[in-house]
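Q: Pasting in a structure now, in structure tokens, and then I'll have a few things to ask.
The values are calculated or read from the model by the stated rules, or taken from the named source; none is laboratory data. Quick caveat: nothing in here was measured; it's all calculated off a predicted structure. A quick note on method: Cβ atoms are made from the backbone with ideal geometry, for glycine too, and the neighbour counts reach across all protein chains shown.
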Amino acid sequence: MTGIDWVGVDWGTSNVRAWGLASDGRVSAEAASDKGMSKLDRAGFEPALLDLIGDWLPHGRQTPVVACGMVGARQGWLEVPYRDTPCSPVAADGAGHPKARDPRLLVSIVPGLRQIDPTPDVMRGEETQIAGLLSQDPGFEGVVCLPGTHTKWVRIAAGEIIFFQTFMTGELFDLIGTHSVLRHSLDGTGREDGEFMNSVEAMMAAPETLAARLFSIRAEALVSGLAPAAARSRLSGLLIGAELAAARAHWRGREVVIVGASQQAELYAKALSSLGAKVRSVDATKVTLAGLKSAHEQISR
């Protein structure tokens with residue numbers, strides 16, 4: 001395939017996405033698979049990458065590949081040490097360079113970030129999305145919320161990440177919904193916004209009642225016929241509401257940018273807006289690509 005100058009890769013725990021980019025930043029090709037970090041051993045990363053982009057690589061020269069995410073984790077292709085905050089989201093220093101067997105590959109891995117004080121925390125992948133956001137809005141100062149399995153709240157000032165905090169809200173929803181007694185009440189799909197918002201408001205008023213209110217989902221399903229869609233919405237509202245109550249120091253009085261267009265991101269936006277926060281959303285794919293471009297520019301200098 002012609003017209004590809006370099007390749008950007010977003011390698012998550014469950015999935016991997018790749019884009020072939022021309023020298024002017026235009027996307028010439030894209031591909032994705034379910035070969036995320038959790039499904040690979042260390043020797044499996046290069047074959048998985050070649051399955052995605054092998055047809056894009058010309059013979060006789062190396063093509064730069066810039067990858068972010070869990071590819072740089074301890075269980076990834078190469079463990080890349082974290083950079084310490086406060087710092088810019090991405091920088092040339094600290095990038096990892098796994099040795100590829102295929103001579104057409106020149107791979108660089110964007111390092112994740114770690115926070116020591118005031119509370120220990122880590123991120124891999126989100127720093128690249130934040131770099132993309134800042135490349136599009138260099139003067140942004142405020143809070144970024146990145147909903148996901150492990151939702152991140154990140155404070156930005158003067159182009160640097162100065163503080164971040166992670167909440168396991170998405171993972172808790174999955175664990176409770178599939179492995180707890182509540183799984184019997186959550187069959188099916190659907191959403192009830194009223195039930196969701198009532199639960200968010202309940203947690204903002206009394207987050208210490210979370211454990212009791214969780215069991216009330218099962219009890220109400222048994223004695224009052226709580227519908228599965230209402231039960232799922234209540235569970236979501238309770239968990240997100242408890243997170244927002246704990247994170248209110250991050251978002252109160254600040255602009256919040258939500259990265260993503262998923263249903264989960266929509267729920268965060270809806271809840272925050274109802275609580276009086278100034279919210280805007282950005283497309284996760286667009287800022288990921290913009291962040292990979294920023295990383296490529298810095299690594300290739």
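Q: Quick check: is even one residue across segment 45-66 loosely packed, with under 14 Cβ neighbours inside 10 Å, touching a Leu at 6+ places or on another chain (Cβ under 8 Å) and hydrophobic (A, V, I, L, M, F, W, C)?
A: Scanning segment 45-66, I find no residue that is loosely packed, with under 14 Cβ neighbours inside 10 Å, touching a Leu at 6+ places or on another chain (Cβ under 8 Å) and hydrophobic (A, V, I, L, M, F, W, C), so the answer is no.
Q: Sticking with this structure for a sec: What single numbered condition from (1) at pLDDT 95 or above; (2) within 19 Å of Cys145 (Cα to Cα) fails to hold for Arg252?
A: Going through (1) at pLDDT 95 or above; (2) within 19 Å of Cys145 (Cα to Cα) one by one, Arg252 breaks only (1).
Q: Another question, then. Scan segment 260-278 for residues that are outside any helix (DSSP H, G or I), closer than 20 Å to Gly125 by Cα and of a type outside the set (S, T, N, Q) and report the count.
A: Summing the residues that are outside any helix (DSSP H, G or I), closer than 20 Å to Gly125 by Cα and of a type outside the set (S, T, N, Q) in segment 260-278 gives 2.
Q: Any residue that is more than 13 Å from Val66 (Cβ to Cβ), more than 15 Å from the chain's Cα centre (by Cα), part of a loop (DSSP other than H, G, I, E, B) and not assigned by TED's automatic domain parsing to the domain that holds Val259 - is there at least one of those in segment 120-138?
A: Checked segment 120-138: at least one residue is more than 13 Å from Val66 (Cβ to Cβ), more than 15 Å from the chain's Cα centre (by Cα), part of a loop (DSSP other than H, G, I, E, B) and not assigned by TED's automatic domain parsing to the domain that holds Val259.
Q: For the structure I just gave you, tell me whether Ala212 is of a type in the set (A, V, I, L, M), more than 25 Å from Ser273 (Cβ to Cβ) and either in contact with a Leu (Cβ under 9 Å, 6 or more places away or on another chain) or modelled with pLDDT under 95 (or both).
A: Against the criterion (of a type in the set (A, V, I, L, M), more than 25 Å from Ser273 (Cβ to Cβ) and either in contact with a Leu (Cβ under 9 Å, 6 or more places away or on another chain) or modelled with pLDDT under 95 (or both)), Ala212 does not qualify.
Q: Applying the selection to segment 165-195, what residues are touching a Ser or Thr at 6+ places or on another chain (Cβ under 9 Å) and closer than 30 Å to Pro118 by Cα?
A: If the condition is that a residue be touching a Ser or Thr at 6+ places or on another chain (Cβ under 9 Å) and closer than 30 Å to Pro118 by Cα, then Gln165, Thr166, Phe167, Met168, Thr169, Gly170, Glu171, Phe173, Asp174 are the ones that fit.
Q: How many residues does segment 80-119 hold that are under 24 Å from Thr285 (Cβ atoms), outside any strand (DSSP E or B) and not aliphatic (A, V, I, L, M)?
A: Residues that pass the stated criteria total 4.
Q: Can you confirm whether Leu186 is in contact with a Pro (Cβ under 8 Å, 6 or more places away or on another chain) and within 16 Å of Ala221 (Cα to Cα)?
A: Considered against the rule, which asks whether it is in contact with a Pro (Cβ under 8 Å, 6 or more places away or on another chain) and within 16 Å of Ala221 (Cα to Cα), Leu186 comes out as yes.
Q: Residues in segment 180-197: is at least one of a type outside the set (D, E, K, R), within 28 Å of Leu289 (Cβ to Cβ) and assigned to a loop (DSSP other than H, G, I, E, B)?
A: No: segment 180-197 contains no residue that is of a type outside the set (D, E, K, R), within 28 Å of Leu289 (Cβ to Cβ) and assigned to a loop (DSSP other than H, G, I, E, B).
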